[in-house]
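Since the structure comes first, as structure tokens, the remarks are kept for the end.
FYI, it's all coordinate maths here, none of it is from the lab. Remember, it's a predicted structure, so these values are computed and weren't measured experimentally. As a convention, Cβ positions derive from the backbone with ideal geometry for all residues, glycine included, and neighbour counts pool all protein chains shown.
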Amino acid sequence: MRGAVNAKSAFNPRQSFIRREEKRRVKCVVSRGGEVKMSRKGERVTTIVEPRQEEFERKRGVTGIAVEEGLVHVEVQVPPNLRERLKVFKALAEAGISLFLIKFHPDSVHFLIRKEVLSKAQKVLQGLNRPTRVTRDCVLISVLSSAMRDLPGVMARIAEALYEQEIELLETGDSHDSVMILVKRSDAEKVVNALRQKFGL
């Protein structure tokens, strides 16, 4: 885990900000030097980053790779009409199905779900009479850096690594501290090794 926090330390709102992030079920995090750290389900992490640390974080660059398994990529054919797309999201929400890495396309919406809820999601989508394409056994690989948005060329190196290994890229996403790529489970180990070489991990 990055950035151990001393709960008794003083906090100045003008000098610091707090980032809270809900961790999903992560298989492992590979940090610099190849150290593997396990993350428990539902663990909440709070990191305090002070302004004087920002330059240090930029110099650190990419600090790890997280791997999350057991995912299913779903493509639902639906016209570019927000009302029609809302029906899809509401029906899945009412069934208690969580979605993430949601993408809007001209004639469809894409998202990820856990493999445990696939059959339930398929029943919901069949009830809506929406053509659906499902890709099972997907893995979400995240390239991590606390200064991700200040690091140029990260996506270029990721794309280069995938191109060199002839990997099919299913989906991408990003956040303030990561760039995420979705690949097939059979390609995951090859992708992680290629990314570690690219970023010196």
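Numerical summary
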{"item": "Residues whose placed amide H lies under 5 Å from that of residue 100, excluding near-sequence neighbours", "result": "112"}
{"item": "For peptides 126-136, 181-191, 151-161, sequence by mean Cβ density within 10 Å, most packed first", "result": "181-191, 151-161, 126-136"}
{"item": "Electrostatic dipole magnitude of the range 72-137 [Cβ: Lys, Arg +1; Asp, Glu -1; Cα centre; debye, to 20]", "result": "100"}
{"item": "R0 of 22 Å, Cβ-Cβ distance residue 128-residue 98: FRET efficiency to nearest 0.05", "result": "0.80"}
{"item": "Percent of alpha-carbon pairs separated by more than 15 Å within the range 72-137", "result": "44"}
{"item": "Pairs beyond 22 Å (Cα-Cα), from 115/184; 90/115; 90/184", "result": "90/184"}
{"item": "Residue 114-residue 81 pseudo-label distance in nm [points 7 Å out on the Cα-to-Cβ vector]", "result": "3.4"}
